[in-house]
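Throughout, read-outs are computed from the coordinates displayed, never taken from laboratory work. A quick note: this is a predicted structure, and the numbers were derived from the prediction, not measured. When we count neighbours, we look across all protein chains shown, and the Cβ atoms used for this are built from the backbone with ideal geometry, even at glycine.
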């Protein structure tokens, strides 16, 4: 493996982390709004939405952690390859790829959960 191979992932991982952060911030803002609404109305559907959002925010946190870990391991791979430890570099890079794949799988799971949140909102509005 060449030293440039892990560097190819830098852009992709950076974009993923940026997208995850954007999702996190959007959900955090929505969670604050729903919290205020629940304190005012005590609506059970709003409470269910809050629980859904908390779960999604926790998943996104793990997506971010795994993404950053993957990025770190890519950098470590480059360093290890630089000091001519080919096999160790390949092992670290493989772990980096597994971390990135785990992050992406969690992203799919979070998207699936978000459909439940939309369903709750549509049910609240009486839309079938």
Practice problem: Inspect the range 92-100 for any residue being outside any helix (DSSP H, G or I) and more than 19 Å from residue 19 (Cβ to Cβ) and give the result as yes or no. | Solution: no
Exercise. Could you figure out which of (1) within 19 Å of the chain's Cα centre (by Cα); (2) free of Cβ contacts under 8 Å to residues at least 24 places away in the same chain isn't true of residue 37?
Key: (1)
Practice problem: Give the residue that is nearest to residue 28 (Cα to Cα), with candidates limited to residues of the range 63-88 that are surrounded by fewer than 17 Cβ atoms within 10 Å (Cβ to Cβ) and in contact (Cβ under 8 Å) with a residue 40 or more places away in the chain. | Solution: 68
